[in-house]
Amino acid sequence: MKRRVPLTIVFIVSLFMVIQYFVPLDSWAWMYQYLIDWTIIIGVFALLLGIWSLLRVNYEKIQRKSENWQYSIVTLLGLFIMIIVGFVPGWGNLENYTYQHLFYYVLVPIQATMFSLLAFFIASAAFRAFRARSALASLLLFSGLIIMIRFVPMGPLSEPISEIATWILQVPNLAAKRAIIIGIGLGAAATALKIMLGIERAYLGRD
Amino acid sequence: MRYKCIIAAAVLFVGLILPQALFAQEDAEVPDSLLAEVQLEPPPQPVVTEGVDRPNDNGHKLTVKWKYPEEGVDLIEGFEVYRSMSPDGEFQLRGQSPADYFEYFDIGGVDKSDPDYMANDEDYYYKIVAIGKNGVSSESEIGGPFQTSGQVFHTGKIPVLIGVVIFAFFTVYFISSAKKGKELYVRPLAGIEAVDEAVGRATEMGKPILYILGIGTAADIATIASFTILGRVAKKVAEYQTDLIVPCYEPIVMSIAQDVVRSAYLEAGRPDQYNDDMVFFVTNAQFAYVAGVNGIMVRERPATNFYLGYFAAESLILAETGNSIGAIQIAGTDQITQIPFFVVACDYTLIGEELYAASAYLGRDPLLLGSLKAEDWAKGILMVVFLIGVLTVAFGWDGIRELVRVNL
Amino acid sequence: MAARNIAGYVVLALIVIAFAISVVLKGLLLTVGAFLTLFIFSFLYKDNPYYKFAEHLFVGVSAAYWMCMGFWGTMVPNLFGKLYPPMVGGVLPALKDNPAEFHMVIPLILGIMLLMRLSSKAGWISKWALAFIVGTTAGLNLVRYLRSDFIQQINNTALSLYVTGATGFDLGATVSNIVIFIGVMCGLIYFFFSKEHKGAFGVGARTGIIVLMVTFGASFGYTVMARISLLVGRMQFLFGDWLGMIR
Amino acid sequence: MNGNGEQKSLVERLQFIDRRIIFLFIAVAVVLPLLFGATLKEETTPIVQELFDFIEHLPPDSRVLLSFDYGPTTAPEIQPMADAIVRHCAERDTRLYMMAIWATGHNLTGSTIEETLKPEFPGYVYGEDYINLGYKAGNQGLIRLLFDDFKRMYSTDANGTAIDEFPMMQQIKNLKNFDLIVSFGGGFPGIKEWVLYAGDPGNIPVGGGCTAVSAPLLYPYYPNQLVGILGGAKGAAEYENALITKYPAYGKKWMGGMSLMMSQAVSHVVIMLFILFGNALYFILRAQRKLETGGGE
């Protein structure tokens, strides 16, 4: 019972989703839209689980005074301030001044900066990995360099280099991506089918 | 239904509109000189030819087409399209069309409460008005009745249906033959074979293992494949009594991961060692999650990092930070844009489909292995089709593309 | 250790002073943004208290941010607003007079089922909700992947291996098409799982991995530019918007 | 590895150079060109030149729709393109209709107007020569609706003023009334959607500016479905180059694309030098080891 019900739900719901793809009728489209809406709402309920986990982990760190416990206070403060600001009755929506400013002046800069760390990491990764250790590594190195050198003014050499680079991007690149995409398409469809049929069920746990 | 419309339109055209259009021209000739001083000349009349239901949709939409004499195009600003549910009812403006464009795609509302609502299988009548540049306009005769309807089956998607059926057949066939105990060969995958070794290494070093499920949802195929591998890793970890850290990006993924790890500990006979704090939620903002995981890496110093699942731009930030702490890294994703970064910065990378296959490899479950065989067969068939496609195209027959074209 | 502590306090004092000056000159908001940016960059040197601060703040604030977004953006209009429209009349007056949609009870029940996992006894019932979510997307994925990643590719790969252009035989395009065709075929061979990579099959797989490697190098090299642009954006913020040293 | 284990040679140590040194070089490579305002000229390629020529040949008072379909993270790449094309259109006295199908595009439209259009073209009058229509939700669906009826979706401008009060909006009925559509962005929805849902069905010229990453996905649409594309900082710099060639007064101005190109070029050189350096070390080391082991193996 504990196992069969979830597997039956999976089968029915997924079968409906497959069939609706081929049926353009209104009633099916509505049902489809409902299902999607419902999953989004369930996802928001799940956020509560997340917040609960976050609270518990940080609370325990503070209580046990484990290493770096002080910073857990920062996390909890940030969490509570943002929640209070976002939920204060009367402000009632996300347009309120403090909430917007916390977003634009705390979240956005940190986010953009984390993202920009990639500029540094892409350089260090290239230094380490782009070595002609083997034939395959040399290929990686060679095509990477050709693509990069395009951005450097090289006088008369610029033209042929940029042509080779474009060729690599449009020909072997296209071929390899297509092969990968086909593999992914098959693998994903197979996994989806296995989920439908209840063969792939690791996600349900074992108890 | 469509034929009915066309026939109706044709009858209307021949029986009603044509004579009147001719008559209107005759009519104009006589008073021309008389009216010239007091009245401006109206532009020619448009003639409604047909109202076509678009195939393979839910209805509620109709394309009205009309004819217009070429010499009139320069005289008018454009057309206005009017619609009514009865020929003598009130006509409502539906929209405009430029002077040189003789059809209008009338998109009605789908919802009954929508003032724009256009019912399926009901009669509609259209009237086109040519707006003259001189301010005088002329109206067409009423065209119709036209109907729009929804279809039960989308014929443009037949190739997909065939694909699904064939693929499902293969999968079921090979799974059932695997069930009967047929031995299936699978080639070794370095990334998979390294899993056990990586867990062992962490145990020797007395350091924890970090397992990242990516930033996908629980429903992403990559995440689901990752759950299976997590189960295997967690079981080893439980056997070796190493620490496991699973920071999660998505709460539902976290819940499932908790179940998976708990089950693995149970299976390894060490349910008491499991606690819910091994698998925890960080945050579901992409870069905040990365910041948090980076912090965990540099502070907990895991010996092995697993990155298996759906990844976006954060892949390289994680993999480089992991590299800087000297961890063995095993990665796998189906995100094409991120595979190169994992290949460059990690020790082992499962490329695309290999990630999905990993669950079958690790489980050695004949059912899962059977589906790998089915995937290979599909690939084989596809290669044959490619070959046929290239050959037929070389001989000038383009039909293979038509056969697989999906018309949406 | 003591010397290290003192150095730490000196750094803290300097940062506080700089922060204060910046607040006076540039205003609080810009200053907060700039200092948080610097704190994150400091991770490149090594893990340190300032990065830890920014990181933990970021985690807390972002988790709450998405919680609020989920509540006001999804729960209120799509759940409460549909179950009992007058309830949200205060915040979303436009929805007040809509008829109630009772099918929305289903996600409410499933959502509560999901929360049951916090209870040790009724935790199993949460799997019904999980099954619903996984089932929905599994069905969707089956057709979607087969369509776009499989069937569509047949169409794209049925190329002409002998290309003639306006001036007759086009060698470049022909070579390119042949390379694409062989590349795709060999790439697919590489992904075969149930056949040993030996003999002619092994040659194919090996060619496949060569094409893959060229591609990975190219994608890597290609992305450098976008990442540098991101960094330029942050530097423009620090040196331009904040310090006013650009233009 | 064999023999003198404890004393690593300089070459060996350099091979595992502290990555913070690389970080430092990258930071300097990016910041210095910014601080000194250094720029790099790019020869204009046909794919960019064609869009430039198209705008160059637009008669005065032509109607150009600019859609700002990007966000803050890609702004460093895209903003210079938007600036350059706005400048060019304003030089040609065309009417500018600015809108966004990305929510984040709304603010960027505003800053383009405030920082480029208003200070450089004081003669441009709001509502007569340019208008900010703001963001509307709906992605490609919005484009479809605009294609049939522009004012059904845009009944007001971004400030909430009724749309019919603006003289420049009076002849606009649907997208076919525009002489050119330029979309900045290249993500989803973006240039591709403009081509598929507006350019193709209505035969309206569409041009675009997109990030370097998304450019290869859009090249196939040129030249049949796209007038031209600006790809990444390079595309922006090429357009600026064309602009300066035609309007030399811009030669003195700071050009975002060319400045970004300089930062790009310098950091690419730095990264490539590090790669070459790493490989040189690797080969020296390998040669040394071969010597040590007597060249055998």
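For the stretch D:137-149, the criterion of being open to solvent by less than 50 Å² (accessible area, probe 1.4 Å) and away from every other protein chain (no Cβ under 14 Å) is satisfied by no residue at all. Filtering the stretch D:236-263 to residues that are out of contact with any Gly (no Cβ under 7 Å at 6 or more places or on another chain) and without any contact (Cβ under 8 Å) to a residue 40 or more places away in the chain leaves D:P248, D:A249, D:G251, D:K252, D:K253. When we screen A:I181, A:I146, A:I161, A:I122 for residues that are open to solvent by 20 Å² or more (accessible area, probe 1.4 Å) and free of Cβ contacts under 8 Å to residues at least 12 places away in the same chain, the only hit is A:I181. Picking from residues in the stretch A:125-143 that are more than 7 Å from every other protein chain (Cβ to nearest Cβ) and of a type in the set (S, T, N, Q), the one that is surrounded by the most Cβ atoms within 10 Å (Cβ to Cβ) is A:S138. Taken together, B:I192, B:I209, B:I245 contain a single residue that is more than 9 Å from every other protein chain (Cβ to nearest Cβ), in contact with a strand residue (DSSP E or B) (Cβ under 8 Å, 6 or more places away or on another chain), closer than 30 Å to C:G111 by Cα and of a type outside the set (G, A, S), which is B:I245. Of the residues A:G198, A:G185, the single one that is more than 30 Å from C:L231 (Cα to Cα) and in a loop (DSSP other than H, G, I, E, B) is A:G198.
This table checks each residue for (1) more than 11 Å from chain A (Cβ to nearest Cβ); (2) more than 16 Å from the chain's Cα centre (by Cα); (3) modelled with pLDDT of 90 or more.
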{"position": "D:Q225", "(1), (2), (3)": "yes, yes, no"}
{"position": "D:K246", "(1), (2), (3)": "yes, yes, yes"}
{"position": "D:Y250", "(1), (2), (3)": "yes, yes, no"}
{"position": "D:S267", "(1), (2), (3)": "no, yes, yes"}
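This table checks each residue for (1) among the basic types (K, R); (2) part of a helix (DSSP H, G or I); (3) in contact with an Asp or Glu (Cβ under 8 Å, 6 or more places away or on another chain).
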{"position": "B:G292", "(1), (2), (3)": "no, yes, yes"}
{"position": "B:N305", "(1), (2), (3)": "no, no, no"}
{"position": "B:L318", "(1), (2), (3)": "no, yes, no"}
{"position": "B:G326", "(1), (2), (3)": "no, no, no"}
{"position": "B:G332", "(1), (2), (3)": "no, no, yes"}
{"position": "B:V344", "(1), (2), (3)": "no, yes, no"}
{"position": "B:A360", "(1), (2), (3)": "no, yes, no"}
{"position": "B:V384", "(1), (2), (3)": "no, yes, no"}
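Taking the criterion of being surrounded by 17 or more Cβ atoms within 10 Å (Cβ to Cβ) and over 39 Å from the mean Cα position of the chain (by Cα), would at least one residue in the stretch B:76-85 satisfy it? Yes, some residue in the stretch B:76-85 is surrounded by 17 or more Cβ atoms within 10 Å (Cβ to Cβ) and over 39 Å from the mean Cα position of the chain (by Cα). Within the stretch C:37-55, the set of residues being open to solvent by 10 Å² or more (accessible area, probe 1.4 Å) and within 7 Å of chain A (Cβ to nearest Cβ) comprises C:F41, C:L44, C:K52, C:F53.
Which of the residues spanning the stretch D:57-99 are open to solvent by 30 Å² or more (accessible area, probe 1.4 Å), in a strand (DSSP E or B) and in contact with a Leu (Cβ under 9 Å, 6 or more places away or on another chain)? Within the stretch D:57-99, D:R63 is the sole residue that qualifies. Tell me, yes or no, whether the stretch C:226-238 has at least one residue that is more than 7 Å from chain A (Cβ to nearest Cβ), open to solvent by 20 Å² or more (accessible area, probe 1.4 Å), outside any helix (DSSP H, G or I) and under 19 Å from A:T113 (Cα atoms). Among the residues of the stretch C:226-238, not one is more than 7 Å from chain A (Cβ to nearest Cβ), open to solvent by 20 Å² or more (accessible area, probe 1.4 Å), outside any helix (DSSP H, G or I) and under 19 Å from A:T113 (Cα atoms), which makes the answer no. Sub-8 Å Cβ pairs linking a first residue in the stretch B:175-186 that is free of Cβ contacts under 8 Å to residues at least 12 places away in the same chain and at negative phi to a second residue that is among the charged types (D, E, K, R) and open to solvent by 20 Å² or more (accessible area, probe 1.4 Å), at least 6 apart or interchain, are B:Y185/C:K195; B:Y185/C:E196, ordered by first then second residue. Taking the numbered list (1) at pLDDT 80 or above; (2) away from chain C (no Cβ under 13 Å); (3) out of contact with any Lys or Arg (no Cβ under 9 Å at 6 or more places or on another chain) in turn, B:I166 passes all entries but (2).
In the stretch C:56-86, which residue that is more than 8 Å from chain A (Cβ to nearest Cβ) and part of a helix (DSSP H, G or I) is nearest to A:G86 (Cα to Cα)? Looking at residues that are more than 8 Å from chain A (Cβ to nearest Cβ) and part of a helix (DSSP H, G or I), I get C:V76. You will find that of D:P72, D:P122, the residue that is of a type outside the set (A, V, I, L, M, F, W, C), more than 24 Å from D:A198 (Cα to Cα) and within 14 Å of chain C (Cβ to nearest Cβ) is D:P72 and no other.
The values are calculated or read from the model by the stated rules, or taken from the named source; none is laboratory data. Note that the structure is a prediction, hence the values are computed from the model and not measured. Heads up, the Cβs are rebuilt from the backbone with ideal geometry, glycines too, and the neighbour counts pull from every protein chain shown. The accessibility values were calculated without ligands, DNA or RNA, using every heavy atom of the protein model including side chains. Shrake-Rupley method; radii C 1.70, N 1.55, O 1.52, S 1.80 Å.
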